[in-house]
Each structure stands twice: as C-alpha cells, then as structure tokens.
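Taking it in order: structure first as structure tokens, then the write-up.
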Amino acid sequence: QVQLVESGGGLVQAGDSLRLSCAASGRIFSNYIMAWFRQAPGKERDIVAAIRWSGGSTYSADSVKGRFSISRDNAKNTVDLQMNSLKPEDTAVYYCAAASRDGLLLQRSTYNYWGQGTQVTVSS
C-alpha cells in the first residue's frame, strides 16, 4: 500500500551537512508514523527520528538531538531528514520507514513499510 524511496545520501566530511528525502507514495493516512532509521555494519538498525505524516511533534534520538531534524514537505510528498554537523559515527545506511498503526515508537517491528536505504558516509 505504501512505497518509500530514499535519496540524498553520499560521501561527506565531518562537520558537513546532508539532507535526506523519503518520497512516499500509495495510501498514507495522517496518523501514520514516519521515521528514519540507520544501520551501521555489524550494528542494529536504530531509530533516528520520527514524525506523523500529518506533521506536528517530532522525536529524535539522543545521539542526533540538536544536529538532525525531521520534517514533512507536503508539496513534494516527502519526509526529510536534515543532518548537520555530521560525525564519522553517523556513517550508516539510512532507511525510511512507515507505521500504519500505533505501536512502540522505537521498535523496528512497529514499522511495516521500509525503503531500500541510502548510504551516508562521513569521513574525518
């Protein structure tokens, strides 16, 4: 029902900024949870930030709080992740995800739609 396609990843230097976009299509309702996750090699896929499709309040992980921000772009039908002051430890594949029903925000199983991921590499 929902298709998610990430874009905007790349290779940057520490301190640089990137803006990731998740293009969403299909049947999306206003209460759906939209989130960005990331996964580094050998590590778990962890939530980075989340927002309702309708917008409003947001969640961000402690590791990115103050540096990353999630937002909705109604005109482009995207969920964007603005990443500032990037650090080498931010290097990961970043995934867009959507949850059609309420659940535990931080739990991967809550999200039933996933994009293919986009690589972000931050060099020192």
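The values are calculated or read from the model by the stated rules, or taken from the named source; none is laboratory data. Just so it is clear, the model here is predicted, and its values are computed rather than measured. All Cβ positions, glycine included, derive from the backbone under ideal geometry; neighbour counts span all protein chains shown. With ligands, DNA and RNA removed, areas are computed over all heavy atoms of the protein, side chains included. Shrake-Rupley method; radii C 1.70, N 1.55, O 1.52, S 1.80 Å.
Odds and ends about this structure:
- Residues that are polar (S, T, N, Q) and under 15 Å from GLU6 (Cβ atoms) within the range 25-70 comprise SER25, GLN39, listed in sequence order.
- As a summary of the residue check, THR58 satisfies the conditions (1) touching a residue at least 24 places away in the same chain (Cβ under 8 Å); (2) open to solvent by 50 Å² or more (accessible area, probe 1.4 Å) except for the one numbered (1).
- Evaluation of ALA49 against (1) out of contact with any strand residue (DSSP E or B) (no Cβ under 9 Å at 6 or more places or on another chain); (2) closer than 18 Å to THR118 by Cα (one fails), failing number: (1)
- Scanning the range 30-51 for residues that are more than 12 Å from the chain's Cα centre (by Cα) and surrounded by 13 or more Cβ atoms within 10 Å (Cβ to Cβ) returns TYR32, ALA40.
- The one condition in (1) open to solvent by less than 80 Å² (accessible area, probe 1.4 Å); (2) within 17 Å of SER17 (Cα to Cα) that ALA99 fails to fulfil: (2)
- Candidates in the range 61-79 are the residues that are open to solvent by 60 Å² or more (accessible area, probe 1.4 Å) and of a type outside the set (Ser, Thr, Tyr); of these, the one that is nearest to ARG108 (Cα to Cα) is ASP62.
- Subset of the range 54-110 (residues that are farther than 14 Å from ARG38 by Cβ and in contact with an Asp or Glu (Cβ under 7 Å, 6 or more places away or on another chain)): SER71, ASP73, ASP80
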